[in-house]
Amino acid sequence: MQSLNRFRRFFRYSWLALLVLLLSGCHFDMYNQPSIRTYEPSSFFEDGRGSRPNVEGAVAVNAAFYDEYFLTGLVDGVPGDELPLELTRELLERGQAQYNIWCAVCHGHAGYGVSVIAQRGGIVPANFHQQRLRDASLGHFFNIMTVGVYRGDPEQDGFRSMYSYASRISAEDRWAIAAYIRALQLSQNATIDDVPQDRRGNLGNN
Ligand code: HEC
């Protein structure tokens, strides 16, 4: 009996506490802001519309830097052969560093597809010195890094035999790697005629 009374007393006054709590939250001044919601009409502008037309020449943020070839290596779906960056020693060294970080583990430092992962992992990374890839255009290497290699039908027995590096290596660095692979290819098929006259004396010293 005693506990029931205490219970009743509690509820007799609790509504008061609840009311105080509720009223303290009743501010509409932040909710009713003098701003215009999307597509809301407005008497402020002559045409009565709240939304304003785009300023002439405006470009969406993600469209400003969109260059299909730079981001895919393809022109109308076909790999292009141009390097969209200036070819410098610095770019090749950047490509070499990035290649050694990301690609050499499977394709090997010299690009022959010989590596510990290839030996032990049961996969066959491509050899960059095979004729087909020596003939392939620069954009092909960029595109492979961008989309990866998928074998077979994705709906049925398809599997990804090489991962896409688009989210891990920036487009600039992917081009640097592509340029470096081209240099690797040249290095493995060079003749004495490719060495400048004044450098031939250095051969064999390393
Ligand atoms: C985890 C191992 C692995 C890594 C790391 C890797 N690849 Fe590959 N790559 C493969 C395999 C396996 C294939 C063969 C795919 C096939 O033919 O199914 C391949 C194929 C290729 C090909 C040949 C595509 C063709 O035309 O047949 C290119 C080019 C290539 N990789 C570039 C790269 C570059 C550049 C990197 C570094 C950014 C890289 N790969 C990193 C495993 C790897």
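Residues that are open to solvent by 30 Å² or more (accessible area, probe 1.4 Å) and either under 23 Å from VAL78 (Cβ atoms) or assigned to a helix (DSSP H, G or I) (or both) within the range 169-179 comprise just one, GLU172. Being among the polar types (S, T, N, Q) and either open to solvent by 100 Å² or more (accessible area, probe 1.4 Å) or not in a loop (DSSP other than H, G, I, E, B) (or both) holds for only one residue in SER43, SER51, and it is SER43.
Which one of these is touching a residue at least 60 places away in the same chain (Cβ under 8 Å), open to solvent by 80 Å² or more (accessible area, probe 1.4 Å) and away from the ligand (no atom under 14 Å from the Cβ): LEU83, LEU87, LEU91, LEU71?
Within the list LEU83, LEU87, LEU91, LEU71, the selection yields LEU87.
Restricting GLU172, GLU155 to those that are modelled with pLDDT under 95 and among the acidic types (Asp, Glu) reduces the list to GLU155.
Counting only residues that are more than 17 Å from ALA104 (Cβ to Cβ), in a helix (DSSP H, G or I) and open to solvent by 40 Å² or more (accessible area, probe 1.4 Å), the range 130-149 holds 6 of them. Only one entry of ALA118, ALA166 meets the criterion of being buried (at least 18 other Cβ atoms within 10 Å of the Cβ) and in contact (Cβ under 8 Å) with a residue 12 or more places away in the chain, and that entry is ALA118. Set side by side, the residues ASN189, ASN127 differ, and just one is assigned to a loop (DSSP other than H, G, I, E, B), away from the ligand (no atom under 12 Å from the Cβ), open to solvent by 40 Å² or more (accessible area, probe 1.4 Å) and not basic (Lys, Arg), which is ASN189.
The values are calculated or read from the model by the stated rules, or taken from the named source; none is laboratory data. It should be emphasised that the depicted structure is a prediction, and the values quoted were computed from it without experimental measurement. Please note: Cβ atoms are built from the backbone with ideal geometry, for glycine as well, and neighbour counts cover all protein chains shown. For accessibility, only protein heavy atoms count, side chains too; no ligands or nucleic acids. Shrake-Rupley method; radii C 1.70, N 1.55, O 1.52, S 1.80 Å.
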